[in-house]
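Undergrad: Starting off with a structure, shown below.
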């Protein structure tokens, strides 16, 4: 039956599957750089680390790459459409006008690629009019994370996320079921307020950012989804303020941290957040350092030293992180974010919704508007949750304390 399939129709139908775009680079036998554009790059194996791409059998560049025995996959960003077109053409001038360098392994590497993966040829398999070139990864990095370049239905495009959710790690699966219900509401909040809306929850002794909607705050070109922070004061107060058990565990983790410099009993913060029904964070130099450190781990990966540095910075935030009176006319606050809890049918706090990326001039007078939007969103999410959820609650609500 396959012999009767029209090649053009095959190409048209398969074009409905969007693919990332990569430039495979190497050197020919004279040492000159060579490269080709592929939309067939794929991860193959974690152990051993293997990737693959599928060049046409008639490709002259592919033959040069195979002869060299080594190649570099350059994952192209949305800003590199011109590079993709250059590598898709024939000739020997594909690198003209492009910024690139030779790596320590003497492989051409595009300077502004989203990521690069250097490989040795591990195997070549026959696949009709194409080859399957399997590469064993020797080094890799994501040096300049940004939105990727995509190929779809015969044209180039870019990924413009309406919302993103964390990958299904084992300890997040049940939480992500709730997030799927929240994301449409989060998208509305983000669009209505021109902010980023975040959903996070307590997983073990960490706060995990489960999903985002809207434009990433702070001019980021990458998503923070999946980020994990230690759940110690003053972070995540809205996740514990309605549960004595959760509050005690939260405070116990703080007492175990030698870097904590909270000037007051953290319970005062818990009482304050529970009384007003929402939490707020204000900018400080320490918070900026913390966010910079967390962003660095997002790009580079979390090391034991990085985890310790982040925990230390959280402990250094102090009581100015969430002031006790936002309406003091004698003080000026720079609002970082506002958060509200989401309750399930069993009166458990299962997540918090946060608006981030507030305008620089946002002040105490603006907080009420954001709180109103978030509380309405949280109520809608709560009503959408199934009546019997098995998700480990972030906190158990004690209604008589509200």
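Undergrad: Could you list the residues of the range 155-169 with an amide nitrogen less than 16 Å from a label point located 7 Å from the Cα of residue 12 in the Cα-to-C-beta direction?
TA: The answer is 155.
Undergrad: If you find the alpha carbon centre of the range 54-97 and of the range 306-326, how far apart are they in angstrom?
TA: A separation of 48 Å, based on Cα centres.
Undergrad: Could you work out how much longer the chain between residue 372 and residue 129 gets when fully extended? Use 0.36 nm per residue separation minus the Cα distance between them, nm to one decimal.
TA: Additional length available on full extension: 81.5 nm.
Undergrad: Next up: Mind telling me which of 89, 37, 247 comes out most flexible in a GNM of the chain, alpha-carbon contacts under 10 Å?
TA: 89
Undergrad: Counting each DSSP H run of 4 or more residues in the chain as -39500 (n - 2.57), what helix-only mean residue ellipticity at 222 nm follows after dividing by all residues, to the nearest 500 deg cm²/dmol?
TA: -9500 deg cm²/dmol
Undergrad: Relative to the longest principal axis of the chain, what angle (0 to 90°, nearest 10) does the C-alpha long axis of helix 285-300 take?
TA: Helix 285-300 sits at roughly 30 degrees to that axis.
Undergrad: I need the peptides 181-192, 267-278 ranked by packing, meaning the mean over residues of other C-beta atoms within 10 angstrom, with the highest value on top.
TA: Highest-to-lowest ranking by the protection proxy: 181-192, 267-278.
Undergrad: With springs only between Cα atoms under 10 Å, which of 104, 284, 293 fluctuates most in a Gaussian network model of the chain?
TA: Most flexible of the set in this elastic network: 104.
Undergrad: Please give the helix 244-255 orientation as an angle from the longest Cα principal axis of the chain, in degrees from 0 to 90, rounded to the nearest 10.
TA: 70 degrees
Undergrad: Further question on the same structure: Considering the chain as a Gaussian network with a 10 Å cut-off on Cα pairs, which listed residue, 319, 84, 59, attains the greatest mean-square fluctuation?
TA: Of 319, 84, 59, the most mobile in the Gaussian network model is 59.
Undergrad: Here is a follow-up. Provide Rg and Dmax in Å for the chain, with only Cα atoms included in the calculation.
TA: Cα only, the chain: 25.2, 80 Å (Rg, Dmax).
Undergrad: While we're looking at this one, here's another question. For residue 307 and residue 143 in one chain, what is 0.36 nm times their gap in residues minus the Cα-Cα distance, to one decimal in nm?
TA: 57.0 nm
Where a number appears in this text, it was derived from the coordinates with a stated rule and is not lab data. Computed from a predicted structure; not experimentally measured. Glycine gets a Cβ as well: all are built from the backbone with ideal geometry, and neighbour counts include every protein chain shown.
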